[in-house]
C-alpha cells in the first residue's frame with residue numbers, strides 16, 4: 001500500500017502552490033492567485049482555472065457533463081493537425097500544444113491524447129484530498145503583507161529585473177495547515193529564450209510579513 005500523500009503550500013510572490021508529496025516526488029495539485037483571486041486545479045494532462053477558489057467545487061462537479069465537449073475539442077485539434085500535414089501547411093505549435101475550452105468564466109486546458117474521463121476523475125479526487133488545504137492556504141495567503149502589485153510591475157519596467165519574494169511555506173497535519181514564515185528575496189533577469197540570471201538580494205528583510213490570524 002502506498003503511503004498517504006503529504007500536503008504543503010509554497011507562498012511565492014503573489015501565488016500559492018499546493019504540493020502533494022507522493023511516491024517520493026512533489027506533485028503540483030493546485031494554485032491560488034492573490035492578485036486576480038483565481039484558483040486552479042491540476043491533473044495529469046491538464047488543469048482547470050476558475051475566477052475564485054469557491055468556484056472550484058461546483059465547476060468540478062459539472063465537468064462530467066462537459067466531457068463530450070472536451071473530447072470533441074481534442075478531436076477537432078487532432079483533425080486539424082492531420083489536415084495540415086496532408087496539405088503541407090506548416091504547423092504553428094506542434095503536437096504538444098494544449099487545447100483550451102472556456103465554459104463561461106471557467107476554463108479547461110488539456111493536452112492532446114488526454115483521456116478525458118480519467119482526467120476529470122483525477123481532478124475530482126485531488127480536490128477532495130486538498131479542499132481543506134486550499135481553504136486554509138487562502139486564509140494564510142490573504143494575511144501575507146506584500147508589495148503592491150503595481151510596484152512589482154513598475155520595478156520590472158524600469159530595471160528589467162524581477163524581484164521575487166518568497167514568504168514561506170506551510171505543512172498540512174491533523175486537519176490544520178501550519179505556516180512557517182521565511183522571507184527570502186532573489187532578483188531575476190530574463191536573458192532570452194528560457195534563460196534567466198539570478199542575483200542575491202542584499203536589502204533589508206522585514207521582521208514579519210504576515211498579519212494576525
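The values are calculated or read from the model by the stated rules, or taken from the named source; none is laboratory data. These numbers were taken from a predicted model, which means no experiment stands behind them. Note that each Cβ is placed from the backbone with ideal geometry, even for glycine, and that neighbours are counted across all protein chains shown.
When the stretch 36-54 is limited to residues that are in contact with a strand residue (DSSP E or B) (Cβ under 7 Å, 6 or more places away or on another chain) and in a loop (DSSP other than H, G, I, E, B), the one that is nearest to residue 131 (Cα to Cα) turns out to be 52. Of all the listed residues (33, 26), the sole one being under 20 Å from residue 180 (Cα atoms), surrounded by 13 or more Cβ atoms within 10 Å (Cβ to Cβ) and modelled with pLDDT under 95 is 26.
Yes/no matrix, rows are residues, columns are (1) surrounded by 17 or more Cβ atoms within 10 Å (Cβ to Cβ); (2) assigned by TED's automatic domain parsing to the domain that holds residue 37; (3) under 15 Å from residue 12 (Cα atoms); (4) touching a residue at least 60 places away in the same chain (Cβ under 8 Å):
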site	(1), (2), (3), (4)
104	no, yes, no, no
117	no, yes, no, no
158	no, no, no, no
177	yes, no, no, yes
192	no, no, no, no
